[in-house]
Structures are given as structure tokens and as C-alpha cells.
Amino acid sequence: MGQNYYLFTNMLSDEERQIVTSIIDHIECGEGRVGIQQIANENYVSSTFIIKMCKRLGFDGYSELYYYLSQRVQSSSRANGTSTLETLVNHYDASQADTFCRLLYQFRERKIFADGKGFSDLVADYITQRMAVCGFMVFNRVLFYDYMVFHQGQEGLQTNIEPSLMIAISQSGETTPLISDVQTARQNGYRIVSFTKRPDSTLAQLSDLTFIVDEEKQSLIGGLPNPFFGHVILVFEELMAHYFRGGDWEETEIKK
């Protein structure tokens, strides 16, 4: 691996220093990985020029330099008090984590649903298992509507019509079966926390609290790389850590 950035800057020409600064600017903006050709075009140099610079600094290539600078930016952000949530959630506000924690505390004794379809179901399954380990009663892979009908009004069975919390995940925010579950949940007084790419989506509009991750107007699930699902899991881990660090969750009940 190459030397510390702050040590090798004196090895750079003005042109090379501008290239490194350009890469760092993209990383700090949270745009996702920027390719070598884009950096080359922005700085009016060839990709070969950048590769030679990387080699001279002791890196195997552009990817290794990019990864190294990403790690340095993240370390610097943490040192300056920038949380992981701020780097992963678009338009993040600290009140979002507090609201999530208050909702979790408010419904900690009730049945909670994690809902996602397709690849999002894998994230919902992770959330279910993670919360179960932490002592919550969470359900996944069960149609919300069917669960309500099955239990409602049957003697000797515990009903689940008492309002609680649903956590919904959808890249596009328009997945029809998920939207149907969310609408049913809202009709029964449930609060909705969602994770999606699109702030203008139906899911976001139906939610009490929305975390926008890897914001895009169009979500193509086949695109590579697709960090959305992994980033949602990281965001959720940070939110759970925030919850267990403690706060005044029990003192403030969030009302509709």
C-alpha cells in the first residue's frame, strides 16, 4: 500500500495534486466510486497518466489509490465528528436517528414487521434476525394482510391488530406487493420506517420516517455495482447502535 496522503503530497506535481483532490472531492460528496476515465476527463489528462502516478506513489493502480483515499476520508470524517450515518444516508439529519429510536422504544413490546420483496427480502431477513438477537419480536416472510386476517377475531388466539411498527425496504419505493402491505399496515395504525433510493416514491410518501440511501431517480436492480442493499444493512446497524447507546427514548412518545 502507498504512503500516507499527507506524506506523499510533496511528491506530486500541481497537476497530480489536482487529480488527487478531484478524487477526494467525489468521495466526500458520497457519489459512489468514480471511474478513472471520469477523473481523467475532469482533469484533462489520460488514464495512463493517472496509472503512472499511482505506480510512482507505490499503489498497484487506480483502484488501490481510490480505496486508500476513501479510507482516509472516512477516518478524517470520524475524527471530525461526522458519523457513518451522515456518509451513508442522503440528506441525513440527526433527528432521524432519534426518531427511529423513539419508535423502536415505543413498540418494543409489540410485534414488529420487516418487509421487503426480491433482494430487499434478504435485507428484511437480516433486520429480523438482528432485532431478534436484540430481544425484539419481529416477523418477516409473512404477508401482513394474511397475518392480520388469520388472527383477527379467532377465539383463544392473540390478535395482532394492536398498532405497531413496520420496517419496509424497496430500492424503487414502488414495489406493488410491498406498497400493498404498507397501506394495510397504515390502515391498522402501524408506523412505517422505510429505506429506499427515491425520496419522491410512493413508499417514502406513505412512511413516517424515510432513510434515503444511494439516492437515484431511477433504480436499476441489474446495475453493477449495486451497493444499496449492503448500505441499508450498514445504516440499520448504526441505528441499532444509536438505540443501545441510550437516550431519552422512553420520555417521548411519537404521536401521529
*Quick one: net charge of Phe136's neighbours, Cβ under 11 Å, K/R +1, D/E -1?*
+3
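Output the peptides 231-241, 112-122 sorted from most to least packed, where packing is the average of other Cβ atoms within 10 Å over each peptide's residues.
With the highest mean Cβ count within 10 Å placed first, the list reads 112-122, 231-241.
Quick note: the coordinates plus some simple rules give every number you see, no bench work behind them. The structure presented is a predicted model; accordingly, all values stated were derived computationally and were not measured. With ideal geometry, Cβ positions are generated from the backbone for all residues, glycine too; neighbour counts draw on all protein chains shown.
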